[in-house]
Structure formats: C-alpha cells, structure tokens
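The values are calculated or read from the model by the stated rules, or taken from the named source; none is laboratory data. Since we're looking at a predicted model, the values are computed, not measured. Virtual Cβ from ideal backbone geometry, glycine too; neighbours counted across all protein chains shown. For the accessible areas, the whole protein counts, side chains as well, though only heavy atoms, and no ligand, DNA or RNA atoms are used. Shrake-Rupley method; radii C 1.70, N 1.55, O 1.52, S 1.80 Å.
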Amino acid sequence: SAAVTGLVLLTVPAATAGVGAWLGRRPVAPAVEGAGAAVALCALGLTVERPALSALALALCGVLAAATAVRPERRPVASWAAAVLFLLAAWVRLAVWEVTTPEAYTLPVTVPALAVGVLRRRRDPEASSWTAYGPGLAVTLLPSLLAAWTDPQWARPLLLGLGALAVTLLGARFRLQALLVLGGAVLALDGLHELAPYVVQAVGALPRWLPPALAGLLLLAVGATYEQRLRDARRLRERLGRMH
C-alpha cells in the first residue's frame with residue numbers, strides 16, 4: 001500500500017543523512033541532505049491515510065533528525081525538527097488510540113522534561129527557554145487544548161486555563177519567552193472557546209446596525225492611533241526579544 005511504500009522511502013533520508021555526515025562541511029552536503037528531506041516529506045504524505053503508520057513514520061523521521069543534530073553545524077535546525085516530529089508522532093498515536101484523557105500520557109513526559117530543562121538552565125543560564133522548556137510544555141498544553149475544544153464539560157477547560165495562567169505568570173516573572181508565549185496563547189484560545197457562545201448570543205441580541213457601527217468606530221480609533229500602536233508593537237517585540 002501507499003503507507004508501506006512511504007515507510008520504505010524513509011530509507012532514502014536515512015542514507016542521505018549518513019552521506020551528509022560523511023561529507024561533513026563540504027558544499028555538496030546540504031544538497032544531499034535537502035534531497036533526503038524532500039523524500040521524507042513525500043514519505044510522510046503517503047502515510048497520512050493510515051494514522052498508525054503515520055505516527056511510526058513521524059517517530060522515525062524524529063530519530064533521523066535527532067541523529068543529525070549530533071553534528072554541531074546541523075544542531076540548531078535538526079534539534080528543533082526532532083522535537084517537533086516526536087511531538088507530532090505522540091499526538092497522532094494518542095489520536096489513533098482514541099484517548100480522551102491525553103494528560104494521563106503527556107504529563108508523565110512533561111514533568112521530567114521540565115526537570116531536565118531546569119537543570120540545563122542552572123548549568124547554562126543563557127540557554128533559550130524554548131530549548132529548555134518549550135518541548136515539555138507543548139507536549140501537554142497543545143493536546144489538552146485540542147481536547148478542551150471538543151469537551152462539553154467545564155472541568156478540563158477550567159483546569160487548562162488555570163495551568164496556562166500559571167505558566168504565563170511564571171514566564172512574565174522570570175522573563176522566560178517560551179512560558180509567556182505558550183502559556184498566553186493557550187490561555188487566550190481556551191478563553192476564546194469558553195466565551196465564544198456568550199459573545200455570539202450577545203451579538204445576536206443587539207440591533208443589526210450596531211456591530212458594524214462598533215467595528216467602524218474601532219477601525220477609526222486604530223487608524224487615528226496607528227503610529228502609537230506601531231510603537232507599542234515594536235516595544236513589545238523588543239521586550240520579548242530580550243527574554244531568554
């Protein structure tokens with residue numbers, strides 16, 4: 001089948017990764033590795049119809065990326081690629097198992113991952129918070145957010161919101177960009193999901209002419225203070241950039 005063919009095709013990026021490591025810093029190495037990466041994307045596309053094999057393919061690609069990250073010149077990109085691929089493989093596997101409580105599987109991974117991140121930051125205070133804490137937080141926050149959006153009960157969205165709020169406050173307190181951005185984004189999306197029905201009801205109860213009028217006033221206000229808003233956005237970007 002196409003999915004099995006995709007798994008077989010992963011031998012190509014495995015071979016190109018080995019060839020790239022053998023070539024080292026020679027100019028031809030990026031071209032060889034790029035060809036392997038393109039074949040890997042095609043292989044992942046072929047496995048989409050069978051999620052179980054897709055999870056396996058993602059995990060194998062993560063292994064290849066992690067092996068490539070051993071090389072110092074490839075570490076910045078390959079390490080991030082490996083983390084993303086392993087996260088995707090875990091999420092697809094949870095979906096295949098039809099898990100309705102992903103936290104039972106993700107929290108046992110998040111806790112030790114964050115502990116390792118704390119130890120790394122103690123040894124290297126200049127280490128990026130995305131490298132130290134990003135994967136550990138994402139492995140729980142993002143699947144929980146997806147589950148909260150399809151959960152008719154109130155307990156999970158409430159607990160997720162409280163957890164995201166705590167992460168956001170810790171990020172602001174200790175100037176950690178990953179915690180602030182991830183926690184804030186999850187908190188905003190969780191709140192949007194919970195408040196959306198009430199907002200729709202409120203808008204539906206208003207006269208039809210009022211929402212367009214309010215939108216027009218908002219646009220006028222934004223346009224009148226455009227330069228100030230632009231300065232505020234630049235200031236916010238600078239503050240985020242100064243965080244670890």
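Side notes on the structure shown:
- Read-out semi-axes √(5λ) of the Cα gyration tensor in Å, derived from the coordinates shown; its label in (i) 38, 25, 21; (ii) 29, 25, 17; (iii) 64, 18, 13: (i)
- Nearest-ten-degree value, helix 11-23 long axis tilted from longest Cα axis of the chain: 70 degrees
- Accessible surface of R120, taken over heavy atoms with a 1.4 Å probe and every protein chain present, rounds to 110 Å².
- Cut-off 13 Å, label 7 Å out along Cα→Cβ of A59, residues of the range 83-114 by amide N: 86-97
- Crossing angle, helix 75-96 versus the chain [Cα axis fit, 0-90 degrees, rounded to tens]: 70 degrees
- Stretching A15 away from A205 to a fully extended chain increases their span by 62.1 nm, per 0.36 nm per residue minus the current alpha-carbon distance.
- Between 0 and 90°, nearest 10: helix 226-242 axis offset from the chain longest Cα axis: 40 degrees
- Accessible surface of T5 - all protein chains present, 1.4 Å probe, nearest 10 Å²: 70 Å²
- Taking Y133, Y198 and ordering them by how much accessible surface each has at a 1.4 Å probe, largest first, produces Y198, Y133.
- Normalised by the number of residues in the chain, the mean separation of alpha-carbon contacts (under 8 Å, six or more apart) gives a relative contact order of 12 percent.
- Portion, in percent, of the accessible area of the chain that falls on carbon or sulfur, probe 1.4 Å: 72 percent
- Rounded accessible area per residue of the chain, 1.4 Å, Å²: 62 Å²
- The separation of the range 220-244 from the range 19-52, counted between C-alpha centres, amounts to 40 Å.
- When W91, W22 are compared by accessible surface with a 1.4 Å probe, the order from highest to lowest is W22, W91.
- Solvent-accessible surface ranking, highest first, for H193, H244 at 1.4 angstrom: H244, H193
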